[in-house]
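The values are calculated or read from the model by the stated rules, or taken from the named source; none is laboratory data. Everything numeric here is computed off the predicted structure, so don't read it as measured data. All Cβ positions, even for glycine, are placed from backbone atoms using ideal geometry, and neighbour counts span all protein chains on display. When the accessible area is computed, the model is the full protein with side chains, heavy atoms only, and any ligands, DNA or RNA have been set aside. Shrake-Rupley method; radii C 1.70, N 1.55, O 1.52, S 1.80 Å.
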Amino acid sequence: MSNEQESTGGVRTSPAEGGELRERVFGVRTAVLRSDAVTGVFDRITGRERVFASVQAGFGLGWMLVFLFAPLLYIVSLSFWQRGAGGVVVQEFTLANYEYILTESVDLASLTFKNLYLTILFQSLKYGAFVTVGALLLGYVPAYFLGRTVTKWKAALLLLVVLPFWVPLIIRYYAWILVLGNQGLLVSMLGWVGIEASGFLYTELAVVSGLTQALLPFMILPIYNSVNEIDSSLIESAKTMGATPLRAFYEVTLPLTLPGVSAGVILVFILSVGSYMAPALLGAPSNTMVANLIESTFGQNLDWPLASAMGVVYLFVLFGLISVFNRFVGLDDVFGGGAE
């Protein structure tokens, strides 16, 4: 066989004939792919994908409508009704519930505030701020260490961070009772160094420390994620240009971890302000938080409209605080919504 010929199916063809054959095959294939039958199949597949995506979106929207927006709408409606005899709800529109929880025992002229709900709401926000600051101070260093370290034990260390999630919250708080009680571990340790103490249970310190311990992973994990995504070459470049390790941290590392810090702050603050179990188990009646007040109003006093109004006001306060936070920080940057 000469070099100027090709064998195709046992028939010798010239290069020109081979090229024409390939062009014909390509033309036939193109015609088949562009035929109505084939394009119709692709259109049906694409249409089914769009339908499937629409069904998924509709299912998610329906789930939120049934289990989130509908109950929330019912609570808002209930907050404008009244409590009748024996706890029966009277469906008559009134603003009395909001007037009671917002203006009862409030004298603006003398700046006297003895309103029970506002006092407990402020106390809840104060506890939330203390817990958030404590979790940030305790969680940043281990989160930074986990994000920057290169070791085969990294997975095990991360497991230790999330390990508390495997233990029911009530058990963790009961364990905290054993630590802070009159004969608890903390009192014993202080006694070893000559410091006498009668216990720290049923105090503000117990509530704040218990919440901080329970919510610490919610601060560590977002910060760890931000630190883990930092390009090491940026830090090395800063050091190469003469920056000390401390200056490189403040000018490079810290700004890059702010999204994780902000996410952790939001999570810990919201969860701590709305806590029910920690003040119920670790605190005294004077350490009641807004969730405990709503529960007692709802379950013990059977005043569902008033409890609903308390919940609505609480949601509006949280929404206002998050809006202010978004004004200065930007939630799109925190949760990645602004990424290109």
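Nonpolar atom fraction for region 184-256, defined as the carbon and sulfur part of the 1.4 Å probe accessible area, stands at 63 percent. Extension gain for the segment Leu158 to Val76, taken as residue separation times 0.36 nm less the Cα-Cα distance, is 25.4 nm to one decimal. From most to least packed by mean Cβ count within 10 Å, the peptides 169-179, 186-196 give 169-179, 186-196. Here's the list of lysines a cross-link from Lys114 could span, going by alpha-carbon distance under 29 Å and ignoring same-chain residues fewer than 8 apart: Lys126.
Work from the charge dipole of region 193-340 (Cβ charges, +1 for Lys and Arg, -1 for Asp and Glu, about the Cα centre) and give the residue of Gly283, Gly210, Leu246 farthest towards its positive end. Ranked along the dipole, the leading option is Gly283.
Charges were assigned to the Cβ only: +1 to each Lys and Arg, -1 to each Asp and Glu. The resulting dipole of region 70-192 about its Cα centre is roughly 780 debye. Magnitude of the charge dipole for region 227-327, about its Cα centre and with charges confined to Cβ atoms of Lys, Arg (+1) and Asp, Glu (-1), is about 180 debye.
How far, in nm, would the chain grow between Ile177 and Glu229 when pulled straight, counting 0.36 nm per residue and subtracting the alpha carbon separation?
14.9 nm
Remark: region 293-299, residue by residue, has Karplus-estimated 3J(HN,Hα) of 5, 5, 5, 5, 5, 6, x Hz, where x stands for each Gly or Pro and the curve is 6.51 cos²θ - 1.76 cosθ + 1.60 at θ = phi - 60°.
For the ranges 66-77, 118-129, 199-210, what's the packing order if you count other beta-carbon atoms within 10 Å of each residue, average per peptide, and put the highest first? Please list the in-between numbers first.
Numbers: 66-77: 11.7, 118-129: 18.7, 199-210: 20.5.
The packing order, highest mean first, is 199-210, 118-129, 66-77.
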